[in-house]
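One structure below.
The values are calculated or read from the model by the stated rules, or taken from the named source; none is laboratory data. These numbers were taken from a predicted model, which means no experiment stands behind them. Every residue, glycine as well, gets a Cβ built from its backbone with ideal geometry; the counts of neighbours run over all protein chains shown. Just the protein is used for accessible areas: all its heavy atoms, side chains included, with ligands, DNA and RNA removed. Shrake-Rupley method; radii C 1.70, N 1.55, O 1.52, S 1.80 Å.
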Amino acid sequence: MSEQPATARPTKVRYGIIALIFIITTINYADRATFSIAGSQASTELGLNAVQTGYILSAFAWAYVIAQIPGGALLDRFGTRRVYATAIAIWSILTALQGLTGLIMGLSAVVMLFGLRFLVGLAEAPSFPGNARLVAAWFPASERGTASAIFNAAQYFALVSFSPLMGWLVHDFGWRTVYWVMGGLGLLATAIFLKMIRSPASHPSINAAELAHIEQGGGLIHMEDSKVRAAFDWSAVPKLLKNRMMLGIYIGQYGINVLTYFFVTWFPIYLVKERGLNIMQAGAAAVLPALCGFLGGIIGGYVSDLLLKRTGSVDIARKTPLTIGMLLATAIIACVFVDAEWLVILLMSIAFFGKGIASLGWAIMADVAPKEAAGVASGVFNMLGNVGGIVTPIAIGYIVAATGSFDWALIFVGAHCVLTILAFVFIAGPFYRLSFAK
């Protein structure tokens, strides 16, 4: 930490930290979507059928869910900087290697793509728990909603920013270049991350005034110091799952992710199959809901922090925008009763705007996770939340196959918006900092 008097104007190092987290999380989501963009051309060249493509697309989600608790444990044991930087480098190399599919004699394209995407899922597992740890360490409670909303909004920004780039690469240079360019960007991000990320208490650019502002506001400025890290204890997992507050939070995050995974899996297919758009029109139509989700996320975080400053109540600050947002998200059910395509897109945009407002789960985790097991608590949170990524595509597939329509599928998604409200507000009860200390 730079030697400056505590009365000096506070530095703003934490703003640079959250900007870097946002950029890296955008790359993270873009790397997940590489096959969605490159897959059509790659499937033709490699001779992949629809079933094989489906298995390849599923590989990431299974691995990502499986690795959440181990990823969180590594963060708690070795610290965010070391584990997160290693994760970025590994998933970037694995992304680049996917561009070699079909060029290695004797290795099936299906096996190679499935295996590499599975490994990418394992490598990306520490990313969101790492984000949550950095926010808990670098931001006072009154700023965590906005900080968490910023990195969470990267999921929408990735679609808007990287899809055109990857589409251009596929069109002009071939599908393999998507993987090589994205892998290279990830390695560059690794170097920047290692240069910028430190514990607040030992960062060379922060001054005493900013450090005091963070700590006095509840920031865990020593979380990343090696002397406070603890070895992973499996007993933390059942303790988390037996706690009513944590269980409600976990169920709520699963509910909100059902809406997320509907958007990234079935939404374009719904527009084509149910609404008669062609694939180019569907792709363009998906941009507006994504932008609305991004805008809603930023607004939700800002409003949540504003409420916390004015009321001093974490419950009011987090649960009010979450409830309003999820009520807006139930607009997805209204799509069952309308015919005009523009009205469907409008309702979907309202739904994803509401989903963005309600996306405060990571801010809540920064508020409540036990200091001695923050990584594991976040890992369980992200693991159970991303079960929605497994359940949603499969459930909607069965519903559409059984009914020949998406109507009940949309009702299924809308019902999970209600489940999210019930879980966060009523099952979880009051929010507080959990501690395992005796």
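Table for the structure above
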{"read-out": "Failed item, numbered, when Ser349 is tested on (1) touching a Pro at 6+ places or on another chain (Cβ under 6 Å); (2) open to solvent by 10 Å² or more (accessible area, probe 1.4 Å)", "value": "(2)"}
{"read-out": "Residue in the range 331-350 that is over 24 Å from Trp408 (Cβ atoms) and of a type in the set (Phe, Trp, Tyr) present", "value": "no"}
{"read-out": "Residue in the range 295-311 that is buried (at least 19 other Cβ atoms within 10 Å of the Cβ), without any contact (Cβ under 8 Å) to a residue 40 or more places away in the chain and either over 20 Å from Gln155 (Cα atoms) or not β-branched (Val, Ile, Thr) (or both) present", "value": "yes"}
{"read-out": "Pairs where the first residue, in the range 417-438, is under 20 Å from Asn386 (Cβ atoms) and the second is open to solvent by less than 40 Å² (accessible area, probe 1.4 Å) and of a type in the set (Lys, Arg), C-beta under 7 Å, 6+ apart", "value": "Phe424/Lys319"}
{"read-out": "Verdict on Leu434 being outside any loop (DSSP other than H, G, I, E, B) and of a type outside the set (Asp, Glu)", "value": "no"}
{"read-out": "Residue that is surrounded by the most Cβ atoms within 10 Å (Cβ to Cβ), among those in the range 409-438 that are farther than 13 Å from Trp266 by Cβ and of a type in the set (Phe, Trp, Tyr)", "value": "Phe424"}
{"read-out": "Residues being β-branched (Val, Ile, Thr) and modelled with pLDDT under 85 - total across the range 323-379", "value": "1"}
{"read-out": "Every residue from the range 383-408 that is open to solvent by 50 Å² or more (accessible area, probe 1.4 Å), more than 21 Å from Val338 (Cα to Cα) and not aliphatic (A, V, I, L, M)", "value": "Tyr398"}
{"read-out": "Qualifying residues in the range 74-113 (those that are among the polar types (S, T, N, Q) and modelled with pLDDT of 90 or more) - the one farthest from Ala189 (Cα to Cα)", "value": "Gln98"}
{"read-out": "Extreme residue, farthest from Gly296 (Cα to Cα), among residues of the range 162-175 that are loosely packed, with under 14 Cβ neighbours inside 10 Å and modelled with pLDDT under 80", "value": "His171"}
{"read-out": "Within the range 132-161, tally of residues that are crowded, with 22+ Cβ neighbours inside 10 Å and of a type in the set (Gly, Ala, Ser)", "value": "9"}
{"read-out": "Close pairs from the range 79-92: first at positive phi, partner outside any helix (DSSP H, G or I) and surrounded by fewer than 19 Cβ atoms within 10 Å (Cβ to Cβ), Cβ under 8 Å, at least 6 apart", "value": "Gly79/Arg229"}
{"read-out": "Residue match in the range 37-52 (condition: open to solvent by 40 Å² or more (accessible area, probe 1.4 Å), within 20 Å of Ala154 (Cβ to Cβ) and modelled with pLDDT of 85 or more)", "value": "no"}
{"read-out": "Selected residue [of a type in the set (Ser, Thr, Tyr), more than 19 Å from Ser235 (Cα to Cα) and within 14 Å of the chain's Cα centre (by Cα)] from Ser359, Ser378, Ser349", "value": "Ser359"}
{"read-out": "Lone qualifier among Val336, Val314, Val344 - being under 23 Å from Glu274 (Cα atoms) and open to solvent by 10 Å² or more (accessible area, probe 1.4 Å)", "value": "Val336"}
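Table: residues versus (1) within 21 Å of Thr95 (Cβ to Cβ); (2) in contact with a Ser or Thr (Cβ under 6 Å, 6 or more places away or on another chain); (3) part of a helix (DSSP H, G or I).
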residue: Glu143; (1), (2), (3): no, no, yes
residue: Leu159; (1), (2), (3): yes, no, yes
residue: Phe162; (1), (2), (3): yes, no, yes
residue: His171; (1), (2), (3): yes, no, yes
residue: Val178; (1), (2), (3): yes, yes, yes
residue: Thr190; (1), (2), (3): yes, no, yes
residue: Phe193; (1), (2), (3): yes, no, yes
